[in-house]
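The values are calculated or read from the model by the stated rules, or taken from the named source; none is laboratory data. All values derive from a computational prediction rather than experimental measurement. In this analysis, Cβ positions are derived from the backbone assuming ideal geometry, glycine residues included, and neighbour counts consider all displayed protein chains. Accessible surface areas use protein heavy atoms only, side chains included; no ligands, DNA or RNA. Shrake-Rupley method; radii C 1.70, N 1.55, O 1.52, S 1.80 Å.
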Amino acid sequence: AVEVSYSLYSEEEFPVGGQTAIKNIVYEYINNLPLGKDLIPTRLYGGIYSQVSGMQQLSIRIQVIPSSGDTPVPGSWQEDPIAVAGTEFASIEVADVTTIEV
């Protein structure tokens, strides 16, 4: 699961559909990682900032959930990379990406 918190930047316009765009960027990035590639949350910042205007700050936290749709555990969010075994792929569903305007 991925949680993206952001604050707005008053000198730019946050686009209609901006939250959906963020979710899709996260989905595409994670599901296109190669076999055995660790999930490093800081690598999501560039794609989000370059494709969605109007944000001042981002915070990205991740956690492993047993299955898509499972509720994330509040105390288990982390900013550190998640190791992915050499025979596995990182994967996520759009429904498992949460966006929060702070």
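A few points about this structure:
- Any hit, the stretch 25-40, residues being hydroxyl-bearing (Ser, Thr, Tyr), open to solvent by 80 Å² or more (accessible area, probe 1.4 Å) and either touching a helix residue (DSSP H, G or I) at 6+ places or on another chain (Cβ under 6 Å) or at negative phi (or both): no
- Lone qualifier among Ser10, Ser50 - being exposed (fewer than 14 other Cβ atoms within 10 Å of the Cβ), in a helix (DSSP H, G or I) and polar (S, T, N, Q): Ser50
- Residue selected from the stretch 84-99 under the condition of a type in the set (A, V, I, L, M) and surrounded by 11 or more Cβ atoms within 10 Å (Cβ to Cβ), by the criterion farthest from the chain's Cα centre (by Cα): Val84
- Every residue from the stretch 53-81 that is open to solvent by 80 Å² or more (accessible area, probe 1.4 Å) and touching an Asp or Glu at 6+ places or on another chain (Cβ under 6 Å): none
- Count - residues of the stretch 18-41 that are of a type in the set (Ser, Thr, Tyr) and either assigned to a loop (DSSP other than H, G, I, E, B) or in contact (Cβ under 8 Å) with a residue 24 or more places away in the chain (or both): 1
- Residue in the stretch 75-88 that is outside any strand (DSSP E or B) and touching a Phe, Trp or Tyr at 6+ places or on another chain (Cβ under 8 Å) present: no
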